[in-house]
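Structure first, then comments.
The values are calculated or read from the model by the stated rules, or taken from the named source; none is laboratory data. What you see is a predicted model, and the numbers here were worked out from it, not measured in a lab. We place every Cβ from the backbone using ideal geometry, glycine too, and count neighbours over all the protein chains shown.
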Amino acid sequence: MNLKAAAECSVGIGAAQGGRSRNEDNYLLAMDGQVSWREGEQTLCQPWIGAGLIAVVADGMGGHADGHIASLRAVQSIAGWPAYGSIIDPEDALRRLVQESHNEIRATMARPIQMGTTLCCIWVLRDKLYWCNVGDSRLYILRRGVLHLLTRDHTREEFARRDGRPHPSHPHLLAQNFIYGSRGLGDDHGLRIDRGVDTGSIPLEAGDRLLLCSDGIYAWLEEAE
């Protein structure tokens with residue numbers, strides 16, 4: 001399969017127009033023997049031993065202190081993964097990678113933890129797409145002119161619906177992020193990643209386009225845009 005990939009990571013309109021003065025977000029691209037991500041205001045590249053394509057969006061949470069550090073730690077935790085093409089269950093391997101990375105980061109951080117980031121991660125291996133999502137960054141696929149959302153936002157409403165609980169107050173608040181963990185979901189220090197819901201896999205077709213994006217895109221643009 002012929003793969004092409006690109007990343008754009010910007011502070012947006014900036015503080016002069018009412019936005020943020022610092023870019024809290026990060027990304028990772030790994031393919032063709034090289035992995036890259038943001039380190040401060042520069043792009044860092046290093047050799048990568050892996051198969052296929054790995055792509056990550058990490059939306060550092062501006063409502064927490066040091067969201068830029070959280071998103072950097074998140075992508076760094078993925079960067080060293082070898083992503084062997086011989087893994088029997090790539091979807092579960094991706095899920096375990098995210099869980100283990102979360103545990104490792106928490107174990108090395110000072111308490112109390114005051115930072116958070118989303119993490120949307122894909123692995124394209126041969127002719128198949130695998131993904132794992134934590135938070136409210138999103139993964140879309142554009143196929144034959146139709147845009148499909150593949151991930152679910154980790155809001156209070158989403159988890160209440162899954163568990164059959166009453167509709168919560170402030171339903172659109174984020175209920176889980178990659179570093180902090182979940183809130184009121186039974187394990188306030190761990191991640192809740194339900195296989196087949198927060199992870200998934202689909203065969204790819206020639207001409208498919210994949211979009212990983214933060215809420216800085218989808219909250220402001222209509223699907224047609």
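Name the residue that is surrounded by the fewest Cβ atoms within 10 Å (Cβ to Cβ), counting only residues in segment 14-55 that are part of a strand (DSSP E or B) and polar (S, T, N, Q).
Of segment 14-55, the ones part of a strand (DSSP E or B) are 25-31, 34-39, 42-47, 53-55.
Cutting the leftovers down to polar (S, T, N, Q) gives us 26, 34, 36, 42-43, 46.
Numbers: N26: 27, Q34: 12, S36: 18, Q42: 7, T43: 13, Q46: 11.
So the residue we want is Q42.
Mind checking which residues of segment 175-199 are surrounded by 17 or more Cβ atoms within 10 Å (Cβ to Cβ) and touching a residue at least 60 places away in the same chain (Cβ under 8 Å)? Passing the criteria: N177, F178, I179, Y180, G181, L191, I193, D198, T199. Among the residues of segment 168-215, just one is outside any loop (DSSP other than H, G, I, E, B), in contact with a strand residue (DSSP E or B) (Cβ under 8 Å, 6 or more places away or on another chain) and modelled with pLDDT under 85, namely S182.
When R111, R162 are screened for being of a type in the set (K, R) and part of a loop (DSSP other than H, G, I, E, B), only R111 passes.
When H148, H154, H167 are checked against the criterion of being within 12 Å of the chain's Cα centre (by Cα) and farther than 15 Å from A70 by Cα, a single residue qualifies: H154.
All of (1) in contact with a helix residue (DSSP H, G or I) (Cβ under 8 Å, 6 or more places away or on another chain); (2) more than 21 Å from L94 (Cα to Cα); (3) aliphatic (A, V, I, L, M) hold for L191 with one exception: (2). Evaluated against (1) closer than 25 Å to G196 by Cβ; (2) surrounded by fewer than 21 Cβ atoms within 10 Å (Cβ to Cβ); (3) under 19 Å from the mean Cα position of the chain (by Cα), Q76 falls short on exactly one condition, (1).
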